[in-house]
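Undergrad: My structure is below; once you've seen it, I'll send some questions.
Only the coordinates and a few stated rules stand behind these numbers; no lab work does. Everything numeric in this text was worked out from a predicted model, so none of it was measured. With ideal geometry, Cβ positions are generated from the backbone for all residues, glycine too; neighbour counts draw on all protein chains shown.
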Amino acid sequence: MTTGSKIVLITGASSGIGAATARQLAADGHHVVLGARRTDRLSALAQEIRAGGGQADHHELDATDLGGMRAFAEAAHAQHGRVDVLVNNAGVMPLSTLDRLRVGDWNRIIDVNLRGTLHGIAAVLPLMRARGTGHIVNVASTSAYRVDPTAAVYCATKFAVRALSEGLRQENTALRVTIVSRRERTGRPTHRAVLKGPSPPAASMNVTHPVTPT
């Protein structure tokens with residue numbers, strides 16, 4: 001990938017890490033395409049970015065809807081002629097001990113955190129492979145490496161996202177694949193890691209601290 005301005009798709013962009021990532025990358029000169037269910041927040045964020053001199057589009061997006069995810073990526077591709085980076089950030093984190101049997105919450109966590117990540121990959125992978133370049137960033141957390149009480153199902157999905165990222169890296173050597181985790185004790189999002197990226201032979205990495213692009 002080049003070091004110039006990139007077209008960056010961000011899921012779960014209406015708040016938290018997604019919104020912080022969008023602000024930082026737009027400030028760094030990249031064109032961000034924002035997707036989330038809360039369109040009022042998306043619209044406000046896009047307006048904020050544009051008011052600050054950045055470039056931003058936004059689209060309503062439910063990561064659990066494969067058709068919607070494909071439409072999100074295809075709209076960006078049609079408008080800009082390419083998709084350089086996908087930040088697979090959409091996620092939910094209901095907490096409870098397993099004996100509470102909150103099966104509905106379990107299904108929601110799996111649908112958003114795991115299926116949503118797969119849907120993002122399915123939406124952009126054909127576009128990136130056709131160009132022979134691209135960068136997929138899957139946002140995990142330290143829960144991809146440890147299990148905490150009340151978070152067993154959430155952690156299971158993040159372990160799975162880590163496995164998916166490694167498999168994707170092994171199967172697509174022309175693309176960059178990054179798994180990003182944030183250090184819980186600082187709470188600082190690793191927004192710039194999406195454009196740093198490792199060298200292709202080691203294109204899957206765990207980032208646990210903020211990174212400046214090179």
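Undergrad: Going by how many other beta carbons lie within 10 Å of each one, how would you line up Ser96, Ser181, fewest first?
TA: Sorted ascending by nearby Cβ count, the order is Ser96, Ser181.
Undergrad: Run the Debye formula on the Cα coordinates of the stretch 7-207, all scatterers equal and no solvent, and tell me log10 I(q)/I(0) at q = 0.10, 0.12, 0.17, 0.19 1/Å.
TA: At q = 0.10, 0.12, 0.17, 0.19 Å⁻¹ the computed log10 ratios are -0.38, -0.55, -1.13, -1.40.
Undergrad: Lys and Arg at +1, Asp and Glu at -1: add these up for the other residues within a Cβ distance under 11 Å of Phe72 and post the number.
TA: -4
Undergrad: Taking the Cα-to-Cβ direction at Thr97 and at Thr173 and moving 7 Å from each Cα, how far apart do the two end points lie in nm?
TA: The modelled label-to-label distance comes out at 5.0 nm.
Undergrad: For the stretch 8-65, what value does the Rg/Rh ratio take when both radii are computed over Cα atoms and Rh is the Kirkwood radius, given to two decimals?
TA: Here Rg/Rh amounts to 0.93.
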